[in-house]
1. Could you please give the count of residues in the range 93-124 that are within 8 Å of the ligand (Cβ to nearest atom) and either part of a strand (DSSP E or B) or free of Cβ contacts under 8 Å to residues at least 60 places away in the same chain (or both)?
2. Of the residues Asp99, Asp87, which is of a type in the set (Asp, Glu) and either more than 14 Å from the chain's Cα centre (by Cα) or surrounded by 18 or more Cβ atoms within 10 Å (Cβ to Cβ) (or both)?
3. Against the condition over 19 Å from Ala84 (Cβ atoms) and assigned to a loop (DSSP other than H, G, I, E, B), how does Gly141 come out, does it pass?
4. For the range 189-198, does any single residue satisfy the condition of being within 11 Å of the ligand (Cβ to nearest atom), at negative phi and at pLDDT 95 or above?
5. Which of (1) surrounded by fewer than 19 Cβ atoms within 10 Å (Cβ to Cβ); (2) within 13 Å of the ligand (Cβ to nearest atom); (3) not acidic (Asp, Glu); (4) not in a loop (DSSP other than H, G, I, E, B) is the odd one out, the single condition Pro201 does not satisfy?
6. When the range 165-178 is examined, which residues are found to be closer than 16 Å to Leu40 by Cβ and not in a loop (DSSP other than H, G, I, E, B)?
Amino acid sequence: VTAPDLAGRHVVVSAGGTREPLDPVRYLGNRSSGKQGYALAKAAAARGARVTLIEANTGLPDPAGVDLVRVGTAVQLREAVVKAAADADAVVMAAAVADFRPAAYASGKIKKTDDGGAPTIELVRNPDILAEISADRALPGQVVVGFAAETDDVLANGRVKLRRKGCDLLVVNEVGERKTFGSEENEAVVLAADGTETPVPYGPKEALAETVWDLVVPRLRGASG
Ligand code: PMT
């Protein structure tokens, strides 16, 4: 039986990968399936939380008992996260957010030209949602959790990212064949701003989700112990 240790709390979870449109048929995207974010949302609901799940392009079935908000792009995700975070006890950013978007959207399909050349796509920066909500906490004591998908120097990069983003917890997962993007399993180290590091062995994304909430609960406003 799951302990209702998130009862009376509102938590916000982002899941999936943003898509940045180039023209009516193309976008810049990433390989996030949304499974890790959905596991977090379902685990929080089972622990009694009111859950706002903001999903980008997952195609996953709607989970029972959560408020679902659908978005497409990073800018839309930012708007939805900031709105939902206004009264949230915790925000968990499991979504893979595009750091850049095309500077311009072509209203007609970008065509090949006869000279054999290829177009140059200019990019502009997207807002960094995690850094923004960490810096401007909507409520005192709001707990902010980020994820980091790294390919090399995983822990060293994670420690730098934790400080740069300013969140309370950063779940660092290494991109690999049978883990992280798209798979059912994951493996991670959860870095905390207070310096503690919690390794989570290779296993189902549901298990990592429970560990994340186990680490969030004692950090919540008014938590005992
Ligand atoms: O969806 P799945 O297939 O289950 O895969 C899960 C996952 C790999 C997507 C997930 O576990 C994960 O690691 N999510 C973060 C992916 C990522 O690449 O993050 P990042 O290192 O680019 O960004 C770090 C953090 O900042 C993330 O919490 C991200 O949501 C946030 N961010 C990033 C860029 C940006 N412009 N705004 C942000 O808020």
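1. In the first step, residues of the range 93-124 are kept if they are within 8 Å of the ligand (Cβ to nearest atom); the result is 93-99.
From the residues that got through so far, the ones that are either part of a strand (DSSP E or B) or free of Cβ contacts under 8 Å to residues at least 60 places away in the same chain (or both) too are 93, 96, 99.
Total meeting the criteria: 3.
2. Details: Asp99 fails: either more than 14 Å from the chain's Cα centre (by Cα) or surrounded by 18 or more Cβ atoms within 10 Å (Cβ to Cβ) (or both).
Selected residue: Asp87, the only one of Asp99, Asp87 that is of a type in the set (Asp, Glu) and either more than 14 Å from the chain's Cα centre (by Cα) or surrounded by 18 or more Cβ atoms within 10 Å (Cβ to Cβ) (or both).
3. Numbers: over 19 Å from Ala84 (Cβ atoms): no; assigned to a loop (DSSP other than H, G, I, E, B): yes.
Against the criterion (over 19 Å from Ala84 (Cβ atoms) and assigned to a loop (DSSP other than H, G, I, E, B)), Gly141 does not qualify.
4. No, there is no match, as no residue in the range 189-198 is within 11 Å of the ligand (Cβ to nearest atom), at negative phi and at pLDDT 95 or above.
5. That leaves (2) as the condition not met.
6. First, pick out the residues of the range 165-178 that are closer than 16 Å to Leu40 by Cβ: 167-173.
Scanning the range 165-178 gives Leu169, Leu170, Val171, Val172, Asn173.
The values are calculated or read from the model by the stated rules, or taken from the named source; none is laboratory data. Keep in mind that what you see is a predicted model, and the values were worked out from it rather than measured. When we count neighbours, we look across all protein chains shown, and the Cβ atoms used for this are built from the backbone with ideal geometry, even at glycine.
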